[in-house]
Amino acid sequence: MISPKLSVLSSAVLALASVAFAAGGNTGFATSNVGGAKNAIGTQTTGGVADPGEGIRDSFAQNFPMGGLLDIKNVLRRVYGTTFSTGSSPSESADKFMQKWSMLWKVPYSQLEKVGPTEDGGHTLPLVADDDGENTKFTVAYFRQHAKGVPVFQSYGWGLVRNEDNFPMVLGGGTLRDIGNMEARLEGVDIDPSSINLGAISGQALSQFSAPPEMSTPRYVIWSGLDEDVQASKLAVEFKVISGEGTDDYQKVLFVVDASNGNVLYQESLIYHGSVNVKVNEYVTSDFKADTC
């Protein structure tokens, strides 16, 4: 099976690293910092119901004594060490976990939707082909964070599920972010993409180009930083710019700008460079027949 091209390059790295993490015995570093999280959607456990007075991490430790939480710069990035949920499909298994444990990231389940980082937004992605090449050993199920339907920029949760009986989820992770009261702040705000005044918010970004570039259709996103850089959430606009197509100065850049003033919050080149070493074998025949004939 051919997987769709990822629109976020790091997602491919994340998925492959996740498989290695799970196949290697789920080794990692458990955190000892226990944070009391307020009771909200996502605090129930897969083995019972969490005490509303417990910290969510305390409850996790009680329900999964063999499990661990890996923090990077005080941001939860991995959940590892045991089977966390099961279901009738990879999606159902991972969804059960997210329903009950999304508050580990201080994100209510109501802010998650079954959308992935691939160009087609696919919720699940098969990983690691079996020896026969017909099936895969794992499936990763993605969940995108949103506020009132506005996606949080590059904020995803995911569960890695083994493709075997009961589809056990053996690893979880995410770049989910606490966006505070952003949903309340969006009340009464026109978040339809047609309301974006592109001329008013694109000036700073476009000033980087010597000639007017091509622009993609913009969309609203919630900006709250990236990876471990957690920032106060705000409404932003995301768009792509293409310049110099067919020339040596070809550029394709992703921009995130402040929706209120057009200040560039983030930009990323979408042109990736790399090298690949390959070996080509060939068979030479003495006539016009193929070697297999």
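The values are calculated or read from the model by the stated rules, or taken from the named source; none is laboratory data. Quick caveat, the model's predicted, so the values are computed rather than measured. When we count neighbours, we look across all protein chains shown, and the Cβ atoms used for this are built from the backbone with ideal geometry, even at glycine.
A few notes on this one:
- Of the residues in the range 143-155, not one is touching a Phe, Trp or Tyr at 6+ places or on another chain (Cβ under 7 Å) and not assigned by TED's automatic domain parsing to the domain that holds Met98.
- Once the range 206-221 is narrowed to residues that are modelled with pLDDT under 95 and surrounded by 13 or more Cβ atoms within 10 Å (Cβ to Cβ), the residue that is nearest to Pro151 (Cα to Cα) is Ser216.
- Every residue from the range 186-218 that is over 16 Å from Gly244 (Cα atoms) and in contact (Cβ under 8 Å) with a residue 40 or more places away in the chain: Leu186, Val189, Ile191, Ile196, Leu198, Ala200, Ile201, Ser202, Gly203, Gln204
- For the range 223-238, the tally of residues that are in a strand (DSSP E or B) and of a type in the set (Asp, Glu) stands at 2.
- Residue in the range 274-290 that is in a loop (DSSP other than H, G, I, E, B), of a type in the set (D, E, K, R) and within 30 Å of Asp178 (Cβ to Cβ) present: no
- Residue match in the range 114-125 (condition: over 24 Å from Asp227 (Cβ atoms) and either touching a Leu at 6+ places or on another chain (Cβ under 8 Å) or at pLDDT 95 or above (or both)): no
- Verdict on Gly244 being over 30 Å from Val150 (Cβ atoms), out of contact with any helix residue (DSSP H, G or I) (no Cβ under 7 Å at 6 or more places or on another chain) and surrounded by 12 or more Cβ atoms within 10 Å (Cβ to Cβ): yes
- Filtering the range 146-162 for residues that are touching a residue at least 40 places away in the same chain (Cβ under 8 Å), within 30 Å of Gln231 (Cβ to Cβ) and not in a strand (DSSP E or B) leaves a non-empty set.
- Residue in the range 214-222 that is of a type in the set (Asp, Glu), touching a strand residue (DSSP E or B) at 6+ places or on another chain (Cβ under 9 Å) and assigned to a strand (DSSP E or B) present: yes
- Qualifying residue in the range 117-132 (condition: surrounded by fewer than 20 Cβ atoms within 10 Å (Cβ to Cβ), more than 14 Å from the chain's Cα centre (by Cα), assigned to a helix (DSSP H, G or I) and charged (D, E, K, R)): no
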